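What follows draws every value from the coordinates through simple rules; no lab data is involved. Just so it is clear, the model here is predicted, and its values are computed rather than measured. In this analysis, Cβ positions are derived from the backbone assuming ideal geometry, glycine residues included, and neighbour counts consider all displayed protein chains.
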Amino acid sequence: MTDQDNQNLGDGNQDSNDAKKNAPKPDGDLVEKLVKERLDENLKPIKEKLDSAFQARDEALKKVAEFEKRERQAEIDRLKQEGKEREAFEKQLAEERAAREALEKENLELSRNNEVRASLTGLDFRSEKAVEMAFKEIVGQLVRNEQGTWVHRSGVSVKDFVKTFAEDDDNNFLFKVKASSGSGSGSSKGSGGSGGKKSIFDLPQSEVLKLAAEGKLPKR
C-alpha cells in the first residue's frame, strides 16, 4: 500500500469520525415520549386485568351486602312470626341506626373531602399524583372540633393548614418550581433584617402548628 493510499484511508476515517460527531443527537423529549408510549402499551393489558379484577371484587362485595341484608330481614321476620315482637323491633331499630350512621359518616367525609379539594384549587402541583399525595396527607391530619367543623388536629382551619402545608419547604417536591426573577433582590423567608413582626404565613408549617397548639395564633 502506497503512502497516498494510507493518507486516503486516514482521511476516510477522519471523515467518518467527523460525521459521527456532527450527527444530530436524538431529541430527549421525543425519546421520552416514545418510551412512555411503549410503557403505556405494555401496561395496557395489565391495567385492563386490574380493572376487571376490581369490578369483579365490587360486584362480589355488593352481592355479599345484599345477601347479608336479606338474612337480617329474614331473621326479623322469623322473630315476628314467633311472637317476639320486641326482639324484632330492637333488631330492626339497630339496622336502621347502623344505616343512618353509615350515611352520616359518608356525608361527613364527603364534606371534608370537598373542603380540602377546594382549598387545593389554584396550587401549582407537579402532577395529579402529587395532588393525591397532598390530599391524603392533609386529610389524615384533620379532625372534627366541638362545633362539628373540620380542622387540623392543632385547631388550625383547613384553609390555613393547606396554605402552611403548601409553603412548607418539606413539601416543595409536590409543586412545580417557580420561575426565578433573576434580580436577586427579593426578600427571603428567613430574612429578619427589618426587625418587623413576621406574618404567620412566613413561618414554617411546624412552627405555625406549634403556635396553634399553644393557642397563640391571631384570631380570625
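Exceeding 22 Å between C-alpha atoms, which entries from my cross-link table qualify? They are K47/K176; K63/K136; K36/K163; K62/K136; K62/K105; K33/K129.
On the way: K47/K176 28 Å; K63/K136 30 Å; K36/K163 34 Å; K62/K136 26 Å; K62/K105 19 Å; K33/K129 19 Å.
Long pairs (Cα-Cα over 22 Å): K47/K176; K63/K136; K36/K163; K62/K136.
Could you compute the FRET efficiency for D124 and R38, with r as their C-beta to C-beta distance and R0 at 35 Å, rounded to 0.05?
Step by step, r from the Cβ atoms, then E = 0.75.
Only counting other Cβ atoms within 10 Å, I'd like I76, I46 sorted with the fewest neighbours first.
Lowest to highest Cβ neighbour count: I46, I76.
Long-range amide H contacts for F175: which residues qualify at under 5 Å (H placed 1.01 Å from N, peptide plane, sequence gap of 5 or more or a different chain)?
For F175, whose amide H was placed from the backbone, the distant partners under 5 Å are R126.
Using Cβ counts within 10 Å as a stand-in for footprinting exposure, how do S52, S157, S111 rank, fewest first?
S52, S111, S157
Treating only the Cβ of Lys, Arg, Asp and Glu as charged (+1, +1, -1, -1), what charge dipole size does the stretch 24-78 show about its Cα centre? Round to the nearest 20 debye.
Numbers: 14 positive and 15 negative charges, 25 e Å.
Here the size comes out at about 120 debye.
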